[in-house]
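Chemist: Once you've had a glance at the structure underneath, I'll fire off some questions.
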Amino acid sequence: MDATIEQRACELAVYIIETGATVRACAKRFGISKSTVHKDLSQRLPKCNKSLYRQVRQVLDLNKAERHIRGGIATREKYLKSK
């Protein structure tokens, strides 16, 4: 694997761990696609840094568990703005 790809995967993981950001927010921050972020974190990171992968996996699992709540809040705000 290319060193720059490994470095990017580590940078993405550190950003998500420090901020608790979602994959979508991380992709927007780094100017790459959500698919790339997901692939870097789920497939590439475990091969180059297992301990960092375990930490980022906890944040991603928490975000996944809370996503239905964020979706409901976004829908509520959408309809409150339209009134």
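Chemist: List, in order, the whole-Hz ³J(HN,Hα) value for each residue of segment 2-17 obtained from phi through the Karplus relation with A = 6.51, B = -1.76, C = 1.60 and θ = phi - 60°; use x for Gly and Pro.
Modeler: With the stated coefficients, segment 2-17 comes to 5, 4, 5, 5, 4, 5, 4, 4, 5, 5, 4, 5, 4, 4, 5, 5 Hz.
Chemist: Just for the Cα atoms in the chain, what are the lengths along the principal axes, largest first, rounded to whole Å?
Modeler: 51, 23, 18
Chemist: What full-extension length gain, to one decimal in nm, is calculated for residue 18 and residue 35 as 0.36 nm per residue of separation minus the Cα-Cα distance?
Modeler: Here the answer is 4.0 nm.
Chemist: Taking the highest mean first, how do the peptides 13-19, 66-72, 40-46, 3-9 order by number of other beta carbon atoms within 10 angstrom per residue?
Modeler: My ranking of the peptides, most packed first, is 40-46, 13-19, 3-9, 66-72.
Chemist: Now for a different question. At 7 Å along the Cα-to-beta-carbon direction for both residue 7 and residue 70, put a label point, then send me their distance in nm to one decimal.
Modeler: Output for this residue pair reads 2.8 nm.
Read the figures in this text as sums done on the coordinates, not as results from a lab. Quick caveat, the model's predicted, so the values are computed rather than measured. Counting neighbours? That spans all protein chains shown, and the Cβs are built from the backbone with ideal geometry, glycine included.
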